[in-house]
Amino acid sequence: MITVNYFGNIAEAAQGDSETIDQKSMSLEGLLNLLDSKYDIRKFQFQIAINRKIVSKDQALIISDTDEVALLPPFAGG
């Protein structure tokens, strides 16, 4: 199972801060398509972190059940 952590407006859309996807592995593109079909995430601005490292949404990556995925909204700093 792949764990996805949500923050900000995506957490609001998903009505929770995390969920598990019943897959041993899947492509990043496949995961984003699945989440978009469930929560319409592409309307939000966000970055993706896999194992606490920011990655491009366009990268051809395979996510496994040992990876930590986070969808992060833009952060404001001071």
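Could you order 3, 66 by accessible surface area, starting with the largest, using a probe radius of 1.4 Å?
Descending order: 66, 3.
Starting from the 7 Å offset along Cα-to-Cβ, what nm value, one decimal, do you get for the label separation of residue 43 and residue 7?
Taking the two extended label points, one gets 2.3 nm.
Step through the residues of region 6-21 one at a time and calculate ³J(HN,Hα) from phi using the Karplus curve (6.51 cos²θ - 1.76 cosθ + 1.60, θ = phi - 60°), rounding each to whole Hz and writing x for Gly and Pro.
For region 6-21, the Karplus curve yields 10, 9, x, 5, 6, 4, 5, 5, 7, 6, x, 9, 6, 7, 10, 9 Hz.
About the Cα centre, and with charges only on the beta carbon of Lys, Arg (+1) and Asp, Glu (-1), how big is the dipole of the chain? Nearest 20 debye, please. Don't jump to the answer; show the numbers that get you there.
On the way: 7 positive and 11 negative charges, 43 e Å.
Rounded to the nearest 20 debye, it is 200 debye.
Would you pull out the residues with amide H under 5 Å of residue 21's amide H, same chain only if 5 or more places away, H placed 1.01 Å from N?
It is 2, 3, 4, by chain and number.
How do 42, 52 rank by accessible surface area computed with a 1.4 Å probe, from largest to smallest?
Result, largest first: 52, 42.
Summarise the long-distance tail of P(r) for the chain by giving the % of C-alpha pairs beyond 15 Å.
When all Cα pairs of the chain are counted, 52 percent exceed 15 Å.
For region 57-71, in order, what is each residue's ³J(HN,Hα) by Karplus, 6.51 cos²θ - 1.76 cosθ + 1.60 with θ = phi - 60°, in whole Hz (x at glycine and Pro)?
So the J values, rounded to whole Hz, are 4, 8, 5, 8, 10, 10, 9, 10, 5, 9, 8, 9, 10, 9, 9.
Pull up all non-local amide H partners of residue 47: gap of 5 or more, or a different chain, and H-to-H distance under 5 Å with H placed in the peptide plane.
When sequence neighbours closer than 5 places are left aside, the close amide H contacts are 72.
Hey, can you grab everything whose amide H is under 5 Å from the amide H of residue 61? Only 5+ residues off in sequence or another chain; H modelled, so Pro and N-termini drop out.
28, 29
Aspartates and glutamates near residue 43 by alpha-carbon distance under 14 Å, same-chain residues fewer than 8 away left out - which ones?
Within the straight-line limit of under 14 Å, residue 43 reaches these aspartates and glutamates: 12.
In whole percent, and with a 1.4 Å probe on the protein chains, what portion of the accessible area of the chain is carbon and sulfur?
On the way: 2310 of 4920 Å².
It is 47 percent, rounded to a whole number.
Let me cross-check residue 6: its accessible surface, 1.4 Å probe, with only protein heavy atoms counted, in Å² to the nearest 10?
Approximately 10 Å² for this residue.
In the full protein assembly as shown, how much of residue 36 is accessible to a 1.4 Å probe, in Å² to the nearest 10?
We get 40 Å² for residue 36.
Any chance you could give the angle, 0 to 90 degrees and rounded to 10, that helix 28-39 forms with the longest Cα principal axis of the chain?
60
Just the accessible area per residue of region 1-58, please: how many Å² with a 1.4 Å probe?
Accessible area per residue: 63 Å².
Once the whole set of protein chains is in place, how much accessible area is left on residue 43, using a 1.4 Å probe, in Å² to the nearest 10?
That residue has around 140 Å² of solvent-accessible surface.
When the solvent-accessible surface of protein heavy atoms is calculated with a 1.4 angstrom probe, in what order do 12, 19 fall, highest first?
Working: 12 140, 19 35 Å².
Putting 12, 19 in descending order of accessible area: 12, 19.
The values are calculated or read from the model by the stated rules, or taken from the named source; none is laboratory data. The structure displayed is predicted, hence computed values, not measured ones. All Cβ positions, glycine included, derive from the backbone under ideal geometry; neighbour counts span all protein chains shown. The protein model used for the area step is the full one, side chains on, heavy atoms only, and it has no ligands, DNA or RNA in it. Shrake-Rupley method; radii C 1.70, N 1.55, O 1.52, S 1.80 Å.
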